[in-house]
Amino acid sequence: MDLIDRMNEQWRAVRPDLDPGPLELVGRVLVLAQYLDRSVNEALAIHGLSLGQFDILATLRRTTGGLTPTQLMRSVALSSGGMTSRLDRLEEAGWLQREADPADRRGVKVVLTKAGRELIDAATATRFAEAAKSMPPLSAKEKKDLAGLLRKWLASLGAGGAA
């Protein structure tokens with residue numbers, strides 16, 4: 001029995017009118033998300049990055065020619081105020097810069113600096129190693145099946161296109 005099993009057993013005892021069954025999955029996903037968030041932030045700390053900062057730099061690294069702040073905001077699901085603040089901090093650290101958008105005289109593109117590219121390349125290796133270490137002890141088929149089921153769950157919530 002794990003924490004979720006014990007909680008559900010307690011709910012069944014005090015509120016037999018409620019079905020805690022959905023918490024079998026939702027509760028475990030929430031606990032797992034908290035664990036993974038902590039784990040990845042600890043791993044990225046050696047690079048001086050949080051997961052949120054990593055996401056912005058990694059998004060820029062995966063693209064060519066930079067992105068507008070709006071494109072970045074959509075890819076990492078931040079508010080415009082949150083994005084501006086995060087971009088300001090990353091720019092102050094010397095990891096990215098804002099440049100005039102050649103396609104739009106009023107627009108700005110966000111691009112990695114050389115230091116930012118070196119940082120994100122090192123941090124990405126750390127991030128991938130941390131993700132591999134956090135994988136459950138499942139067979140290749142089980143991992144593929146689980147990924148498909150989670151993709152289906154996200155899509156049903158309208159979250160499949162995020163990031």
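Regarding Arg38, is this residue within 23 Å of the chain's Cα centre (by Cα) and either aromatic (Phe, Trp, Tyr) or at pLDDT below 95 (or both)?
For Arg38, the condition - within 23 Å of the chain's Cα centre (by Cα) and either aromatic (Phe, Trp, Tyr) or at pLDDT below 95 (or both) - is not met.
Could you go through the range 120-133 and let me know if any residue there is modelled with pLDDT of 95 or more, surrounded by fewer than 16 Cβ atoms within 10 Å (Cβ to Cβ) and of a type in the set (D, E, K, R).
yes
Taking the condition of being at pLDDT below 95 and either of a type in the set (Val, Ile, Thr) or assigned to a helix (DSSP H, G or I) (or both), how many residues in the range 9-24 meet it?
2
List pairs: first in the range 14-41 and within 30 Å of Thr124 (Cβ to Cβ), second of a type in the set (Asp, Glu) and assigned to a helix (DSSP H, G or I), Cβ under 8 Å, 6+ apart or cross-chain?
That search, which allows pairs on different chains as well, returns Ser39/Glu130; Val40/Glu130.
Within the range 105-134, how many residues are in contact (Cβ under 8 Å) with a residue 24 or more places away in the chain and in a strand (DSSP E or B)?
The total comes to 6.
Just to be sure, is Thr63 assigned to a loop (DSSP other than H, G, I, E, B), surrounded by 13 or more Cβ atoms within 10 Å (Cβ to Cβ) and at negative phi? I'd like the intermediate steps shown before the answer.
Numbers: assigned to a loop (DSSP other than H, G, I, E, B): yes; surrounded by 13 or more Cβ atoms within 10 Å (Cβ to Cβ): yes; at negative phi: yes.
When the stated conditions are applied, Thr63 passes them.
The values are calculated or read from the model by the stated rules, or taken from the named source; none is laboratory data. The structure displayed is predicted, hence computed values, not measured ones. Here the Cβ is made from the backbone with ideal geometry for all residues, glycine too, and neighbour counts use every protein chain on show.
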